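Step one of this worksheet: look at the structure below.
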Amino acid sequence: MRPIMAIATTTVGEAIRRRVLLIILFIGVLLLSIIPSLSVLTARSEQSTMISTMYAVLRGTSALIAIILTIYMIPNEIERRTIYTILSKPVMRWQFLVGKFMGAVLALGLMIVLMSSVMVLLFYIFQQPSPERLLEVARQPFFYFLEMMLLAAVCIFFSTFTTPLVNFFLSIGIWGVGTVLSPLYSSIASNSGASPIMQSVAKFVTGAMPAFSNYDVKNPIINPGQVIENEQKYFIYIVLYAILYSAGLLVAGMVIFDKREV
Amino acid sequence: MAAAIETRKLTKTYKSRLHGLINVVQDLDLTVEEGEIFGFLGPNGAGKTTTIKMLLGIIYPTGGEGFVLGKEIGDMDVHRIISYLPERPYYYEHMTGLEILRFYGALFGIKDEALFNQLLERVNLAADKSKTISQFSKGMQQRIGLAQSLLNDPKLLFLDEPTGGLDPIAHIEIRDLILKFRDEGRTVFISSHELSEVERICDRVAIINKGIIVSQGKLDDLLSGGRIEIIADDVSKEIADQIKGTADATVSFHEGRLIVDMSDEQDPNSVVDSIRSTKGRIISLTPRRKRLEDLFIETVRDDDASKKKPAAVAAEAGGAQ
């Protein structure tokens, strides 16, 4: 466990100093800051527009950070030869991979906490909501954090055998399918009118691809009509899903990385 | 004395789409004794780093076997008592020297602050311990690399080009440290291009060319069979030609002085007698040990030539048909 923690903390230290990530983070915070002043221009409910835009910025920025942060992790260590000094110590390859993943997740957590704090603070200042409503707003970033953990696992998995550029497009693609297209495929899979081939493809996509859309838990402010029947059960399900799916990807990554020539 | 490293027919083959199978290291038989400084030499791309990586268990051999400190390569127990300093190492730039040692120490489960400070003292970085790696010179980075490689009090150190790109002062500092490692009873395996450096510190060497060991042994044995240089004044051209004809020697004139370079297996007295017989004046007679550089170039060239010959013969045979 000690090597894993040492690698994870070093990864966090490096991640929070990477200029490109800090620039993305800064832009994210900047966008969040200007949203309250733009929301007054919309004809829709000011509160729902403000929060849905803030969520979109938070989610997009976090996804970009998660991808940029993780796709270079393993290739950079190989290119700079730091991996050789680490693996020549009593460190197993799987420990190295898990340490890197944990570091990425911790760094992502810190960045999401920072952006969420700005978001909640601005929402409180401009809308002065009730404590219950504020809590509902503050809850969503936690689900985005789980989503980003899952995305980081996807990127780390691909980084064990692809170049950063290929990894970037693969990860973006999978995230896109899992967020935008997943609800569409779900409806096709459950639609008895669709052709059997389409249904099989849709079932495969919804079953095998990580379901990132699970983590966009619609806020009652934005979608008053949408109700999750058993909220507690749903939340346990998506937490377990993120942990188990990430673990599965890491194990697959470990198997590939263990055989890889570095 | 037990072997610190032993390989038997260790082989690494890569598959290439363009060139088919490429033997980067082929049938490597290597023995490094405990407590010695062993030089592993070879031109670029000869397979030195690949061999080190195999011995460290970072890449996997495709054939043969290897043992490090009596255990099969890749054994995690061995990683607790060995150490590695890669060529041009990179360390996390945001960290200070002390933080680097804390990080690598944590990989062993070492949290001994006194040890970290002691190691920084040892590599003359105590005064710079709060500087970040980005503020370190190349020499300082190499020294912090050596400090991290001593964290676990290793029995065997692998040093890949430890003095590459360093200034003369840093060279001397690193060389002195390596010599101290041997005095402390550690085994040091050095891969290097700095032949004069290797000649000064190594007990034994192996020369690898195109993945195959072409020469291996004690430095004293390999460099025996040296040369003798005779410098003389007032020697006529005729006598010089006569010496050239009788002795297997290189004869030249420099600023009017005759310079004879001959193998120490030949008798220098006959050359001296020839010079003195015509009133020539002997200025110096100097026995010179063969230099490692000469041995290296000779060995690699001979090996390249012997590999070209069969190919040329085959090409000629093909052409004749």
With a Förster radius of 25 Å, plug the Cβ-Cβ distance of B:Thr278 and B:Asp302 into 1/(1 + (r/R0)^6) and report the FRET value to the nearest 0.05.
0.10
Computed P(r) (all Cα pairs; the stretch B:40-124; 10 Å bins; percent):
14, 36, 32, 16, 1
Spin-label zone in the stretch B:40-84 - amide nitrogen under 20 Å from a point set 7 Å from the Cα of A:Trp94 along the C-beta vector:
B:57-60, B:74-80
Regarding the protein assembly as shown, what whole-number volume in Å³ per residue does the convex hull of its Cα atoms give?
254
Estimated inter-spin distance, A:Ile16 and A:Asp258, nm [label 7 Å along Cα→Cβ]:
3.4
If R0 is 25 Å, what FRET efficiency do you get for A:Asn76 and B:Thr132 from their C-beta distance, rounded to 0.05?
0.90
Whole-Å distance linking the alpha carbon centroid of the stretch B:1-78 with that of the stretch B:217-245 is 40
Nothing charged except the Cβ atoms of Lys and Arg (+1) and of Asp and Glu (-1): what's the magnitude of the dipole of the protein assembly as shown about its Cα centre? Round to the nearest 20 debye.
1880
Report ³J(HN,Hα) in whole Hz for each residue of the stretch A:252-259, in order, from the Karplus equation J = 6.51 cos²θ - 1.76 cosθ + 1.60 where θ = phi - 60°; Gly and Pro get x.
4, x, 4, 4, 5, 5, 5, 8
Quick one: order B:Asp29, B:Asp273 from most to least accessible surface, probe 1.4 Å.
B:Asp273, B:Asp29
Just tell me how shielded A:181-192 is by partners: mean number of partner chain Cβ atoms within 10 Å of each residue's Cβ, no decimals.
0
Karplus (6.51, -1.76, 1.60) ³J(HN,Hα), θ = phi - 60°, over the stretch B:118-130, in Hz, Gly and Pro reported as x
4, 5, 5, 4, 4, 9, 6, 10, 4, 6, 10, 5, 9
Just the accessible area for A:Met102, please: 1.4 Å probe, Å², rounded to the nearest 10?
60
Is the stretch B:227-288 rounded, prolate or oblate when judged by the Cα gyration tensor, a ≥ b ≥ c being the square roots of its eigenvalues, rounded requiring a/c under 1.5 and prolate requiring a/b larger than b/c?
rounded
Mean separation of Cα pairs under 8 Å and 6+ residues apart, divided by the residue count of chain A: what relative contact order is that in percent?
25
What number comes out for accessible area per residue over the stretch B:3-222 if the probe is 1.4 Å? Units Å², please.
41
How do B:His193, B:His254, B:His94, B:His19 rank by accessible surface area computed with a 1.4 Å probe, from largest to smallest?
B:His19, B:His254, B:His193, B:His94
Taking a ≥ b ≥ c as the square roots of the eigenvalues of the Cα gyration tensor, with a/c under 1.5 meaning rounded and otherwise prolate when a/b exceeds b/c and oblate if not, chain A is oblate
Let me have the relative contact order for chain B, percent, based on Cα pairs under 8 Å that are six or more residues apart.
18
Got a sec to turn the phi values of the stretch B:198-212 into Karplus ³J(HN,Hα) couplings, 6.51 cos²θ - 1.76 cosθ + 1.60 with θ = phi - 60°, whole Hz, x for Gly and Pro?
4, 4, 6, 10, 8, 8, 9, 9, 10, 10, 10, 9, 6, x, 10
Quick query: amide H of B:Thr187 versus all other amide H atoms, modeled in the peptide plane; which residues come in under 5 Å with a sequence gap of 5 or more or a different chain?
B:Gly35, B:Leu156, B:Leu157
On the principal axes of its Cα set, how long, how wide and how thick is chain B? Give whole Å, largest value first.
77, 61, 39
In this structure, the FRET efficiency calculated for B:Arg80 and B:Asn269 from their beta-carbon separation, with R0 = 60 Å, to the nearest 0.05, is 0.50
Alpha-carbon Rg/Rh ratio, for the stretch A:93-231, with Rh computed the Kirkwood way:
1.04
In Å², nearest 10: area of B:Val214 left accessible to a 1.4 Å probe
50
Using a 1.4 angstrom probe and counting only protein chains, how large is the accessible area of B:Glu87 in Å², to 10?
60
Run the helix sum for chain A: -39,500 (n - 2.57) per DSSP H stretch of 4+ residues, divided by residue count, reported at 222 nm to the nearest 500 deg cm²/dmol.
-26000 deg cm²/dmol
Determine the total buried accessible area between chain A and chain B, counting protein heavy atoms only with a 1.4 Å probe; round to the nearest 100 Å².
2600
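The values are calculated or read from the model by the stated rules, or taken from the named source; none is laboratory data. Quick caveat, the model's predicted, so the values are computed rather than measured. Glycine gets a Cβ as well: all are built from the backbone with ideal geometry, and neighbour counts include every protein chain shown. Accessible surface is based on the protein model in full, side chains and every heavy atom, while ligands, DNA and RNA are left aside. Shrake-Rupley method; radii C 1.70, N 1.55, O 1.52, S 1.80 Å.
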